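I have placed the structure first, in the form of structure tokens, so that the comments after it can refer back to it.
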Amino acid sequence: MIVLEGVGVHHEGADRPVLRDVDLTIPEGDLCLVVGRTGSGKSTLLGTVTGLVPHFTGGTLTGRVLVQGRDTRTTRPRELADVVGYVGQDPLAGFVTDTVEEELAYGMEQLGLAPATMRKRVEETLDLLGIAGLRRRSLTSLSGGQQQRVAIASVMAAHPQVLVLDEPTSALDPTAAQDVLSALTSLVHDTGLTVVLAEHRLERVMHAADTLVWVCGDGGVEAGDPARVLARSDVTPPLAALARAVGWEEVPLSVREARRRARREHLVVHAPPGSAHDPDPAAGDARPPVVSARGLVVRHGAVSALDGVDLDLRAGTVTALMGRNGAGKSSLLWALQGSGRRSAGSVTVRAAGSQAPVDPARLSPTAARRLVSLVPQSAADLLYRDTVADELAQADRETGSPPGSAAAVLAGLGVAIDPGVHPRDLSEGQRLSLVLAVQLVAAPDVVLLDEPTRGLDYAAKDRLAAACRQLAARGAAVLVSTHDVEFAVQVSSRTVVLAEGEVVADGPTRTVCTASPAYAPQVAKVLSPVPVLTAGEVAAGLQERV
């Protein structure tokens, strides 16, 4: 059992506490879902349970936090390791060994478990998380989603009584996320494991939650029945948006529940105009492509990441790139950008107003940046100055832009950031916005985004979608690699699906994303066979109940 009594957290120099007067009880064997806007204090709340707050984060902790009867104020995190397992937002930052198998064994070694016990648990956990095929792989060679599954496995192998997870599915494809959450749910039901999970993609997990804790952003929290708390909260997963569009007071927690209610109430929704025959964005356009890739092959040692990929991207379009973890999405983006590995094939980019296409790999970094900009999965990798203001000023200098240009781009993204703050102290959403400003100040013809919605709440994703559409409206070709189906249908008109390094689907987003249960958004599942993708389309096509 986890008990918080009058808990408050205040960081030195902050205007107000992150948390104040929090009273909360999480029963043993519960799956507790923690929700809230980016920067509201979800990670801080998790940190009070693990003991990282205040022992590693600093600040002042008031009140009392008890985990299985241990007071986290007087018990340091290492003394809680046999009870509490923790997986943070950045899996790579938590790895301490070189290979998958070694990482799974490391935590148990620190707890002094017998070798026979460790071997048995390693095998069980490899199977539970579906990563047996990765056991001898180097951790640095894995995709972001594979790293996330290994991080979860390394903690679960130690058999903690409490598992604390911060954004555990943010880098996982839909099928992998469902597998991981199913494994967690089984452990909750079968072994009494207590799971405290902070997540932005609520559509993936809210159906399994016993308790929902809403971190309101003003220091307070509300806890209770998930359907009732969601209806009051300022986070709006797809089913909550659907409920508001059709006037339901309580939010259905699953597609099944929503489908049954829609049928019971005879909900009738018109299909969007033209939805039955949306034009194929990959065909019928006389304009030459901005990006043209032919026969792209990328190999990493014995692993073939791309196997003969052909792809064209045209100006004024937003394309979603999807596929399971390890399908080759990041390898494709880096190959298109020019600095990534290419074992064979060609990439050419035709700049606006230019007659001759060029290979960005043959250009200087500055020239290539004006042609193609890529925001990687770990946006912080591109940040190296001491303050936000320094990063923005450096971007202006590197691109030859007038002073203040990058700051203006950041302001246009609708995100307010203190210019004196160190980039490492920003939230995931703020870091992403800063990197976007740094990259977009060069006004590139092609923008590549790799998993840009990690750590973003629904409002932040709406702003990012608007920014992508604005880039396309100005003539850029935008390619977004994402596992976030709900974001993909919101932002793109075309979807390309990779599998084992090959293109297996390429067509209108409405067609591709409703043809497969794995890639269909929740609203489409609820109202199938009507091909609506978002709650906005439902509101526009809603008829009176009959």
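The values are calculated or read from the model by the stated rules, or taken from the named source; none is laboratory data. Just so it is clear, the model here is predicted, and its values are computed rather than measured. No Cβ is skipped: glycine too gets one built from the backbone with ideal geometry, and neighbour counts run over all protein chains shown. What goes into the accessible areas is simple: the full protein's heavy atoms, side chains included, and nothing from ligands, DNA or RNA. Shrake-Rupley method; radii C 1.70, N 1.55, O 1.52, S 1.80 Å.
Which of the peptides 392-401, 487-496 is most tightly packed, and how do the rest follow, going by the mean number of other Cβ atoms within 10 Å of each residue?
The packing order, highest mean first, is 487-496, 392-401.
For q values of 0.17, 0.18, 0.23, 0.26 Å⁻¹, compute log₁₀ I(q)/I(0) with the Debye formula on a Cα-only model of the range 335-409, without solvent.
-0.79, -0.86, -1.13, -1.24
When ligands, DNA and RNA are left out and all protein chains stay put, how many square angstrom of accessible area per residue does the range 299-394 have with a 1.4 Å probe?
45
Taking the Cβ of Val255 as the center, what net charge do the other residues with Cβ under 10 Å away carry, scoring Lys and Arg +1 and Asp and Glu -1?
On the way: positive: Arg256, Arg259, Arg260, Lys525; negative: Glu203, Glu257.
Net of charged neighbours comes to +2.
Among the DSSP beta bridges whose two residues both lie in the chain, what percent are antiparallel, rounded to the nearest 5?
Just about 55 percent of them are antiparallel.
In Å, what Rg and Dmax follow from the Cα atoms of the range 61-158?
14.6, 46
Relative contact order (percent) for the chain, with alpha-carbon contacts under 8 angstrom and 6 or more residues of separation? If you can, show how the numbers build up before the last one.
On the way: 1127 pairs, mean separation 87.1, N = 546.
After rounding, I find 16 percent.
How far is it, in nm, from the label point at His55 to the one at Arg362 when both lie 7 Å from their Cα along the line to the Cβ?
5.8
Calculate the FRET efficiency for Asp218 and His422 from the Cβ-Cβ distance with a Förster distance of 30 Å, rounded to the nearest 0.05.
Calculated value: 0.75.
Quick check: convex hull over the Cα atoms of the range 1-120, volume per residue in Å³, rounded to an integer? Intermediate values should be presented prior to the final figure.
Details: hull volume 15.9 nm³, N = 120.
Per residue, the Cα convex hull of the range 1-120 comes to 133 Å³.
Can you pull the one-decimal nm distance between simple spin-label points at Val303 and Thr117, each 7 Å off the Cα toward Cβ?
Result: 3.3 nm between the two label points.
Report the relative contact order of the range 26-118, percent, no decimals, based on alpha-carbon pairs under 8 angstrom and at least 6 residues apart.
Taking the mean separation of contacting Cα pairs over the length of the range 26-118, I get 17 percent.
With charges only on Cβ, +1 for K and R and -1 for D and E, what is the dipole size of the chain about its Cα centre, in debye, rounded to 20?
1080
Report, in deg cm²/dmol and to the nearest 500, the calculated mean residue ellipticity at 222 nm for the chain, where each DSSP H run with n ≥ 4 adds -39500 (n - 2.57) and the sum is divided by the residue count.
-10000 deg cm²/dmol
Between helix 174-191 and the chain, what is the angle of the helix's C-alpha long axis to the longest principal axis, kept within 0 to 90° and rounded to the nearest 10?
That helix lies at roughly 10 degrees to the long axis.
For Arg294, put the label point 7 Å out on the Cα→Cβ axis and report which residues of the range 316-347 keep their amide N under 15 Å from it.
344-347
In a solvent-free Debye calculation with one equal scatterer on each Cα, what is log10 I(q)/I(0) for the range 1-69 at q = 0.11, 0.20, 0.22, 0.24 Å⁻¹, listed in the order of the q values?
-0.25, -0.82, -0.98, -1.15
From the P(r) of the chain, can you give the percent of Cα pairs sitting at distances over 35 Å? Provide the component values of the computation, followed by the final result.
On the way: 56877 of 148785 pairs.
Tail of the P(r) past 35 Å holds 38 percent of the pairs.
Measure nothing but the geometry: give the 0 to 90° angle between the long axis through the Cα atoms of 100-110 and the longest principal axis through the Cα atoms of the chain, rounded to 10°.
With rounding to tens, the tilt is 20 degrees.
Of the heavy-atom accessible surface of the range 297-338 (probe 1.4 angstrom), what whole percent is carbon and sulfur? Don't skip to the end; give the middle numbers.
Working: 640 of 1370 Å².
For the range 297-338, the apolar C and S fraction of the accessible surface comes to 47 percent.
Determine Rg/Rh for the range 308-450; Rg is computed over alpha-carbon atoms and Rh is the Kirkwood hydrodynamic estimate from the same atoms.
Reported Rg/Rh, Kirkwood definition of Rh: 0.98.
Ignoring any ligand, DNA or RNA, what whole percent of the accessible area of the range 20-135 comes from carbon and sulfur when the probe is 1.4 angstrom?
48
Report the convex hull volume per residue for the range 365-414, counting only C-alpha atoms, in Å³. Don't skip to the answer; put the middle values down first.
On the way: hull volume 4.8 nm³, N = 50.
Output value, Cα hull per residue: 97 Å³.
Cβ neighbours within 10 Å, averaged per peptide: list 4-16, 224-236 in order, most packed at the top.
Working: 4-16: 14.2, 224-236: 17.7.
In descending order of packing, they fall as 224-236, 4-16.
Order these peptides, 128-135, 148-155, by their mean beta-carbon neighbour count within 10 angstrom, highest first.
Details: 128-135: 17.8, 148-155: 25.9.
Output ranking for 128-135, 148-155: 148-155, 128-135.
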